[in-house]
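Structure record follows, encoded as structure tokens.
The values are calculated or read from the model by the stated rules, or taken from the named source; none is laboratory data. These figures come from a predicted structure and were not determined experimentally. When we count neighbours, we look across all protein chains shown, and the Cβ atoms used for this are built from the backbone with ideal geometry, even at glycine. The accessibility values were calculated without ligands, DNA or RNA, using every heavy atom of the protein model including side chains. Shrake-Rupley method; radii C 1.70, N 1.55, O 1.52, S 1.80 Å.
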Amino acid sequence: MDFELEWTPEQQAFREEARAWIERNAPRLPDHADPANLTREEYERQRAFGRLLGAKGWLYPTMPAEYGGGGLSMELAMALEEELDRFNMPLPPYYDTGGKLGAAAILVWGTEEQKAHFLPMILRGEIRTWQLLTEPESGSDLASARTTAVRDGDHYVVNGTKIFVGSGHGAEYSWMIVVTDPEGERHANLGWLMTPMDVPGVTVEKMDLLFVGGERGAASGIKNTVYFDNARVPAFNLIGGENNGWKVAGTHLEIEHGLLRSSVRGDPLTERVLSHARNARRGGKPLLSDPHLVDRLVDFYADSEVTRLLHLRNYAWRSQGRQLTYEGAQAYLQQKRSQLSKARAVLDVIGPQALAEAPDEWAVADGHIEAHQRAAIVDQHPGGTAEIQRVIIARRLGVGREAREEPGRLR
Ligand SMILES: Cc1cc2nc3c(=O)[nH]c(=O)nc-3n(C[C@H](O)[C@H](O)[C@H](O)COP(=O)(O)OP(=O)(O)OC[C@H]3O[C@@H](n4cnc5c(N)ncnc54)[C@H](O)[C@@H]3O)c2cc1C
């Protein structure tokens, strides 16, 4: 089956319009191997570009135009993202878990008043959001969250701790899983809350980590612990109603687990490794004269392509409104597994030089290879580990269960 898309003349015309606009407006920024090196000034330029995109509805192009999105088809959104890729610029061009994840949950579960209040400011890039799910005692088993939100008049009073969250440059809101009924049954005791980050009682503390990688904007280079100490959040901000948070979370988790990637671009690492291998020598001979290393490179390439094509298949099927069940977790599992197998192949092909960090003179591809080696391990965790993707696949296939698990609602 050929998953590659063909473009109609109208789609091609849109692509050309997008290309010209992006060339005029996109900031030219350094391609940092470690996103933690992004300066404040560079970040502000990303934000400014995000607001320009937001004003055109291109920041979240498939979201409904009535709420500030672009109302574009998946195909046009894909053309837009491919053009942005040429500037190494994802959508959104800075860390914001709002539009594709949080706003999708608000769109499915919010009241009309909540949608009118929250969606335009997210989709136009006026605010940035973080997702606050993980806690010291609750990661893979998200339903065991302990952070409480107790109703007090027109507010919820929030107490607890979230870890591994956010980015280095702040956010105006966080959407979070909280316990709204401490006596309630598992899953029926949770709420999904949009929390302003500037209310008294919210403290953000940077975590000291090995590395948080990823492409620009997708990850930030920094993760935080957030403490809530009697933080008062308007009751209006509870999305999906009382004790319904687990179902609301099902929407954004469904997307995060392998339905998030909309661009069809391959992994930029592949070209970096291939280009190094084409020019490098070992023991006085061209690297590629060693058939074992050529085999390893082919494994590397095949792994990258399988990941890309599984995401592309999901993208195409989702745009056709097909009900997906295990496919998201399947693509995400493949992505996580291939990160590790590619790290192994990189070590075989490039050798110890793969571990030289920029600006060391031995660093390959301006440090991007070394950054990948660290990110490959770190990437096993965000959005649920490889084991959790396997659990989801098994449940959706009905393996070891009488009834197949239903996916989260996307509409
Ligand atoms: C770079 C990075 C970014 C992140 N960003 C965010 C963010 O923005 N917001 C947020 O809320 N969280 C974020 N996280 C946290 C992430 O979601 C959690 O790390 C992840 O869900 C795993 O939880 P845990 O670390 O508590 O590990 P645990 O849940 O304690 O798991 C430990 C080990 O046990 C395995 N395991 C657990 N349960 C099972 C099971 N049922 N079957 C088989 N094996 C199992 C896991 O696979 C893992 O290997 C981020 C993490 C990282 C590393």
Legend entry - Heavy atoms of Arg45: accessible area, 1.4 Å probe, square angstrom to 10: 90
Legend entry - For the stretch 92-107, 3J(HN,Hα) per residue [Karplus equation, 6.51 cos²θ - 1.76 cosθ + 1.60, θ = phi - 60°, Hz, x = Gly/Pro]: x, x, 8, 5, 7, 7, x, x, 6, 9, x, 5, 4, 5, 5, 4
Inset, instruction - Principal axes first, then extents: for the Cα atoms of the stretch 4-60, list largest minus smallest coordinate on each axis, whole Å, largest first. - result: 41, 27, 19
Inset, instruction - Taking the Cα centre of the chain as origin, sum charge times position over the Cβ atoms of Lys and Arg (+1) and Asp and Glu (-1), and report the length of that vector in debye to the nearest 20. - result: 440
Legend entry - Environment charge at His372 (Cβ cut-off 10 Å; Lys +1, Arg +1, Asp -1, Glu -1): 0
Inset, instruction - For the chain, go through all pairs of different Cα atoms, get the mean of 1/r, take its inverse, and jot down that Kirkwood value in Å. - result: 22.4
Inset, instruction - Taking the Cα centre of the stretch 151-194 as origin, work out the dipole magnitude from +1 charges on Lys and Arg Cβ and -1 charges on Asp and Glu Cβ, in debye rounded to 20. - result: 200
Inset, instruction - Rank by packing, highest mean first: peptides 387-397, 150-160, 91-101, with packing defined as the count of other Cβ atoms within 10 Å averaged across residues. - result: 91-101, 387-397, 150-160
Legend entry - Listed residues Thr251, Tyr156, Val226: farthest to the positive end of the dipole of the chain (Cβ charges): Thr251
Inset, instruction - Show Arg128, Arg281, Arg411 ordered by accessible area, largest first, where the area counts protein heavy atoms only and the probe is 1.4 Å. - result: Arg411, Arg281, Arg128
Legend entry - With all protein chains modelled, accessible area of Val298 [1.4 Å, Å²]: 90
Legend entry - Relative packing of peptides 234-243, 165-174, 247-256, 358-367 - highest average C-beta neighbours within 10 Å first: 247-256, 165-174, 234-243, 358-367
Inset, instruction - Quick one: net charge around Ala104, please, counting Lys, Arg +1 and Asp, Glu -1 for every other residue with C-beta under 14 Å from its C-beta. - result: +3
Inset, instruction - Could you quote the convex hull projected area for the stretch 54-127, Cα atoms only and averaged over all directions, in nm²? - result: 4.5
Legend entry - Restraint check, Lys247/Lys342; Lys115/Lys336; Lys223/Lys342; Lys162/Lys247; Lys223/Lys285; Lys56/Lys206, Cα-Cα greater than 32 Å: Lys247/Lys342; Lys115/Lys336; Lys223/Lys285; Lys56/Lys206
Legend entry - Volume per residue that the Cα convex hull of the stretch 129-248 spans, once the total is divided by residue count, Å³: 104
Inset, instruction - Go through 347-353, 77-83, 186-192 and give me the packing order, highest mean Cβ count within 10 Å leading. - result: 77-83, 186-192, 347-353
Legend entry - CD proxy at 222 nm, helix term only [per DSSP H run n ≥ 4: -39500 (n - 2.57); per residue of the chain; nearest 500]: -13000 deg cm²/dmol
